[in-house]
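Trainee: The structure's right below; bear with me while I get my questions together.
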Amino acid sequence: MTISLAEDQPVTPQRVVVLLAKSAFAAQPISEMSRLTKLLQGRPDIERVLFAFSEQGTPSLRDVLEGLRRPEVGEVVILPLLVPMELSFQLWLARTIRRWQRDGADDWPVIHLGAPPALSGAMADLLADMLRSALATPPLSPTARAPKDASVVPAQKRRVLVCQGGACNDAGAATIWGHLRNEQERLKLRTAAGGTMTAKSTCLGPCNLAPVLQVFPEGTYYGGVTEDGIDRIIADHLLRDVVVDALAYAPTGTKQALRA
């Protein structure tokens, strides 16, 4: 099968594999993911191997998939490298990818989402190899107690809480959190416009408005937040002190549903 860009430019659809991890806070996980991609590169049935992170870390899964919306890419296979991997992770990840497809143009490749590594028939051999490696390393021994370090209390003006309750997680809160954290690093939000800190929270309350986040010191609730919504909240609320009314929900004392 070929995709034709023009009569004289036939293109064979590429199969791209994306190795997926949850998050990366430093260079080491990124180097490890890069090393893992090399294990698949060169296979005759795969044209490219990439890696991505579903939460904090770059490249994000959303950015990688957006970059693969090209005529020459016919099929994308996502392999989540999570052990253990909860069923809810697979479900919200599938829902999130469908949302990205729905909100975008009709130029998405076919996307397959792989099964958890624990279901692989090679898992027993992998665990046995890890056992042999562990037994070959020196045993751990107690070390002297490290001296206490001092810390500076940050002077940030704002704090953003991202709900991690069941309904919000099912609605893809993890990808929202990851996008917020990546933008926090990219835009230096810890010091910009008085400074902003971000944190995950337990259930924030209005589950029907999932995914939910709350911005302090005002305590503003935002519901139905997407990556584009995060961008608007950062640009207006965090950097300009202007509440994004289209996404905000004020306490009314009555039940509220997501606005269209």
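Trainee: Output the number of the condition that ARG186 fails; it satisfies all remaining conditions of (1) touching a residue at least 24 places away in the same chain (Cβ under 8 Å); (2) closer than 16 Å to LEU238 by Cα.
Mentor: It is condition (1) that ARG186 fails.
Trainee: Follow-up. It is to be established whether one or more residues within the range 72-91 are buried (at least 16 other Cβ atoms within 10 Å of the Cβ), modelled with pLDDT under 95, under 30 Å from THR220 (Cα atoms) and not β-branched (Val, Ile, Thr).
Mentor: Yes: one or more hits.
Trainee: OK, next. Of the conditions (1) within 30 Å of PHE89 (Cα to Cα); (2) part of a helix (DSSP H, G or I); (3) not hydrophobic (A, V, I, L, M, F, W, C), ARG132 clears all except one; give me its number.
Mentor: Among (1) within 30 Å of PHE89 (Cα to Cα); (2) part of a helix (DSSP H, G or I); (3) not hydrophobic (A, V, I, L, M, F, W, C), the lone unmet condition for ARG132 is (1).
Trainee: Could you run through the range 104-119 and say how many residues are closer than 27 Å to VAL73 by Cα, out of contact with any strand residue (DSSP E or B) (no Cβ under 8 Å at 6 or more places or on another chain) and modelled with pLDDT of 90 or more? First the steps, then the outcome.
Mentor: If we filter the range 104-119 for residues that are closer than 27 Å to VAL73 by Cα, which is where we start, we get 104-117.
So of that shortlist, the ones also out of contact with any strand residue (DSSP E or B) (no Cβ under 8 Å at 6 or more places or on another chain) come out as 104-108, 115.
Adding the requirement that they be modelled with pLDDT of 90 or more leaves 108, 115.
The total comes to 2.
The values are calculated or read from the model by the stated rules, or taken from the named source; none is laboratory data. Everything quoted here is computed from the prediction, not taken from an experiment. Every residue, glycine among them, receives a Cβ derived from its backbone with ideal geometry; neighbour counts consider all protein chains shown.
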